[in-house]
Structure formats: structure tokens, C-alpha cells
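Chemist: What follows is a structure written as C-alpha cells; I'll ask about it next.
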Amino acid sequence: LPEDYESGQSAYARFVIFRQGGNEMEGIWYAHFRHGDVRGDGIAVLHNGQIEGGDPAHTYSGSYQEEDSNLYANIRVSPYAGSPLPADLTHPITYFLKGSVIGNSAKVTGHPHNKPEALISVELHKGE
């Protein structure tokens, strides 16, 4: 993490994870994030093993994979330069997430690279 990174601010970072393997998981997903008392929302698009998304303060991109019932993702979260919101990140941060998908919903947890104690929880719901 950058030296000027403030603990707890990562909750505003946006990231998602999806199950690979079939068109049923491709599409637009709504994500609700929680890091301690801080909460936030974002949108992501899943297509061909890639994740692209954003919210008013961040952009994010990454990849995902599935092993048995486990899901894994590496997501790079970057501050959005055109954001009208105060910046909570000054440099991109990579997050590692894992969890599972049940139907059109998923729940994953993870942490930023080199900071495993900064746990993040994400609930996902696929758009219709």
C-alpha cells in the first residue's frame, strides 16, 4: 500500500468477483462493500474472465477464476481522476478476493496486497 494510505479508507475501493465458465455469470453486477463501519456501492461488468467496473470515485479492472466451489479474483482499484468526491486513494491498489456464488448472488471477502489484516466483505447481485 502507498505510504500515505489511511487505514479504513479502502472500504471506498471497488472490486468484484465472479464465477468463470459460462454465459450465466456474464453481465452486469451490483456490489455492496463493507469495511468496518464504512459501506459503499459499485457496478461491474463480467465478460470472458475479465472484470471492469467503477463508481463515482474509482475504476477497477481485473480477472477471476473458479476452482471447485471456490472463487478467486485479483482486482486493481484506481482513483477516478474526474471524481467529484474527495480522493480516498492516491495510487492504485490490488486486492485479493475469494468466496462463492449461489444463483444470482455472491459473497466474497479479501484484503489489499501486503495487508491481510484489512478485511473487506462484498455482497454481489446480478442485474436482470
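All of the numbers you see were taken from the coordinates with simple rules; none came from a lab. Bear in mind the structure is a predicted one, so any value in this text is a computation, not a measurement. Glycine also receives a Cβ, built like all others from the backbone with ideal geometry; neighbour counts cover every protein chain displayed.
Chemist: So for each of 93-103, 70-80, 111-121 I average, over its residues, the number of other beta carbons within 10 Å; can you give me the resulting order with the highest mean first?
Modeler: Final packing ranking: 70-80, 93-103, 111-121.
Chemist: Enumerate the lysines that K115 could reach by cross-link, defined here as Cα to Cα under 27 Å, with residues fewer than 8 away along the same chain left out.
Modeler: Answer for K115, where 27 Å is the Cα cut-off: K98, K107, listed by chain and number.
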